[in-house]
Amino acid sequence: MVLSKTASQTDVSVHSTFASRYVRNSLPRFKMPESSIPKEAAFQIINDELMLDGNPRLNLASFVTTWMEPECNKLIMDAINKNYVDMDEYPVTTELQNRCVNMIAHLFNAPLGDSEAAVGVGTVGSSEAIMLAGLAFKRKWQNKRKAEGKPYDKPNIVTGANVQVCWEKFARYFEVELKEVKLREGYYVMDPVKAVEMVDENTICVAAILGSTLNGEFEDVKLLNDLLVEKNKETGWDTAIHVDAASGGFIAPFLYPELEWDFRLPLVKSINVSGHKYGLVYAGIGWVIWRSKEDLPDELIFHINYLGADQPTFTLNFSKGSSQIIAQYYQLIRLGHEGYKNVMENCHENAMVLKQGLERTGRFNILSNDEGVPLVAFSLKDNKRHDEFEISEMLRRYGWIVPAYTMPADAQHITVLRVVIREDFSRTLAERLVLDIQKVVHELDALPAKLNCKLATENREQIKNGSAKKSAIETQREITAYWRKYVTERKANKTQIC
């Protein structure tokens, strides 16, 4: 007798995922399901949904590394289950972090003796690094003010309006006033002269950016240092500098070794850099280096012993993976000065190919400098009919992710497109991008002008003349009617041609 068996609803074997009930039934999105599903089905469902993400290699908005060598990928996967904070259990990983800190400190010309260890720590990115550096400045300033019997409840920090949002987070989370130097058309970084003018006795530090997020430009840290030295002499203050080298810290030492921006300048007390940007490591690693032990107040360092031996720690989080630290060490010893220099030169040359291709179109103004982070920031010479946001949106049809954004105050009337050139962005891709941008511009030329801007202008005129403003639904109806008429006319023209 043949015995037959009906598979239960929780059968864990799936011979063909796409022939199973798991791809027919809807899975809960915001609540954990009651029953388990086979591993094959779970993998396929998630993998299929992730296909709708953009291609990281074509994400030209991001500074973050999207490619590493297979050998490093293997090291990363082998260490994926190591919790870095267990220093006593994973002493070699801790040693690798210390080696990275010292290598980077020497790269930034820290004034270290022959056997002196550098002061620094690995973080999950430059945001955490900036928080730690900011806290060190704040605590050191507070301690001095307390010792002098002066108020210490209104600290401030001076930056340019072009700073990354993590500086705003630091100011808000840790109750520090953010004093921003406004930008102006044609000058999209912090003006050192204006920055020093804003410094007062409550300023814990001035933050300079080596590689602005907006246009890749390096701020003049040398001039800032010199002006601040003079102001400190006049006032008796000791206001120092932090350099946010998230993007430029792994570029300047190799492309512009004579540029003075680091610990060669006496007022630079700390520097942060993103290992996951031009440090050439996947997302999740940053570094902050202090000039000396005196610049990191000891009371900010915690000591724990419940994981084994005494372990000093200065971080905002606790547990974190070891993989990115190991990957950073791999890149530093694998590439060395020669390899990093070659990578950065390639990135710069490909940025120049893209810049020159855009200039040949005759349609764009270039807002980025040749010296700085290898990126190209550009805007339309004439955006009356169509703007940069439309170009950004239409480029997605070709797979490219190119951001469009407005500049901060007081240059918010400037709209910019930006392409970041990473290690895995080749000359061939640069040339292809120029061709696709030309296609998009020609397609836009054939379309009617921006309707929303036109209708918004009409609404402003109506308000000025005292007539009622159109409601959102009325505006939408006008847009729909306009497009319907436009499409009908196009169809009619095609019929006549045929």
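The values are calculated or read from the model by the stated rules, or taken from the named source; none is laboratory data. None of these values were measured; they are calculated from a predicted model. Methodologically, a virtual Cβ is constructed for each residue, glycine included, from the backbone with ideal geometry; neighbour enumeration extends over all protein chains shown. In case anyone asks, the SASA skips ligands and DNA or RNA and just uses the protein heavy atoms, side chains included. Shrake-Rupley method; radii C 1.70, N 1.55, O 1.52, S 1.80 Å.
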Those residues of the range 325-363 which are touching a strand residue (DSSP E or B) at 6+ places or on another chain (Cβ under 7 Å) and in contact (Cβ under 8 Å) with a residue 24 or more places away in the chain, in sequence order: 325, 351, 354, 358, 363
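Of everything in the range 301-329 that's of a type in the set (Ser, Thr, Tyr) and at pLDDT below 85, which residue is nearest to residue 103 (Cα to Cα)?
Here is the first cut: in the range 301-329, the residues of a type in the set (Ser, Thr, Tyr) are 306, 313, 315, 319, 322-323, 329.
Remaining after also requiring at pLDDT below 85: 306, 313.
Values: 306: 30, 313: 20 Å.
Ranking the qualifying residues of the range 301-329, first place goes to 313.
Here is a list: 36, 62. Which entry is hydroxyl-bearing (Ser, Thr, Tyr), modelled with pLDDT of 90 or more and closer than 30 Å to residue 373 by Cβ? Walk me through how you get there before you give the answer.
Numbers: 36 fails: closer than 30 Å to residue 373 by Cβ.
Unique residue meeting the criteria: 62.
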Criterion: of a type in the set (Gly, Ala, Ser) and part of a strand (DSSP E or B) - qualifying residue of 54, 113, 149, 122: 122
Of the criteria (1) within 18 Å of the chain's Cα centre (by Cα); (2) modelled with pLDDT under 95; (3) farther than 20 Å from residue 208 by Cα, which one residue 122 fails: (2)
Positions within the range 37-51 being surrounded by fewer than 10 Cβ atoms within 10 Å (Cβ to Cβ) and not in a helix (DSSP H, G or I), in sequence order: 51
Residue pairs meeting the criteria (Cβ under 7 Å; at least 6 apart or on separate chains; first closer than 18 Å to residue 132 by Cα and among the aliphatic types (A, V, I, L, M), in the range 300-315; second modelled with pLDDT of 70 or more and assigned to a loop (DSSP other than H, G, I, E, B)): 300/314; 301/314
Hits in the range 316-357 (condition: part of a loop (DSSP other than H, G, I, E, B), in contact with a helix residue (DSSP H, G or I) (Cβ under 9 Å, 6 or more places away or on another chain) and surrounded by fewer than 20 Cβ atoms within 10 Å (Cβ to Cβ)): 316, 317
Hits in the range 75-98 - residues which are open to solvent by less than 50 Å² (accessible area, probe 1.4 Å) and outside any helix (DSSP H, G or I): 79, 83, 84, 85, 86, 87
Residue in the range 54-74 that is open to solvent by less than 40 Å² (accessible area, probe 1.4 Å), farther than 16 Å from residue 273 by Cα and touching a Ser or Thr at 6+ places or on another chain (Cβ under 6 Å) present: no
The range 168-193, subset assigned to a strand (DSSP E or B) and open to solvent by 10 Å² or more (accessible area, probe 1.4 Å), residue farthest from residue 406 (Cα to Cα): 177
From the options 274, 212, 270, residue that is more than 25 Å from residue 406 (Cα to Cα) and surrounded by 24 or more Cβ atoms within 10 Å (Cβ to Cβ): 270
Residue count for the range 417-451, restricted to those that are buried (at least 17 other Cβ atoms within 10 Å of the Cβ) and assigned to a loop (DSSP other than H, G, I, E, B): 5
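Among the residues of the range 400-416, count how many are assigned to a loop (DSSP other than H, G, I, E, B) and of a type in the set (Val, Ile, Thr). Can you show your working first?
Start the filter on the range 400-416 by keeping residues that are assigned to a loop (DSSP other than H, G, I, E, B), which leaves 400, 402-403, 407-414.
If we keep only those that are of a type in the set (Val, Ile, Thr) too, we end up with 402, 414.
Result for the range 400-416: 2.
Are any residues in the range 102-138 touching a Pro at 6+ places or on another chain (Cβ under 7 Å) and either surrounded by fewer than 17 Cβ atoms within 10 Å (Cβ to Cβ) or not basic (Lys, Arg) (or both), and if so, which ones? Steps first, please.
Restricting attention to the range 102-138, the residues satisfying the condition of being touching a Pro at 6+ places or on another chain (Cβ under 7 Å) are 107, 136, 138.
Selection gives 107, 136.
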Verdict on residue 31 being modelled with pLDDT of 90 or more, of a type in the set (D, E, K, R), assigned to a helix (DSSP H, G or I) and farther than 30 Å from residue 261 by Cα: no
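For the range 250-307, which strands (runs of 3 or more DSSP E) that fit wholly inside it have 1 or more residues that are over 21 Å from residue 125 (Cα atoms)?
Values: elements: 268-274, 286-290, 302-304.
Ranges flagged: 302-304.
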Of the criteria (1) more than 15 Å from residue 383 (Cα to Cα); (2) at pLDDT below 95; (3) not in a helix (DSSP H, G or I), which one residue 456 fails: (3)
The range 226-249: number of residues that are assigned to a loop (DSSP other than H, G, I, E, B), open to solvent by 10 Å² or more (accessible area, probe 1.4 Å) and not hydrophobic (A, V, I, L, M, F, W, C): 2
Leading residue by the ranking (most open to solvent (accessible area, probe 1.4 Å)) among those in the range 366-399 that are touching a Ser or Thr at 6+ places or on another chain (Cβ under 9 Å) and farther than 21 Å from residue 219 by Cα: 389
First in the range 65-94 and within 19 Å of residue 317 (Cβ to Cβ), second anywhere and open to solvent by less than 40 Å² (accessible area, probe 1.4 Å) and of a type in the set (Val, Ile, Thr), Cβ under 6 Å, 6 or more apart: 79/326; 87/94
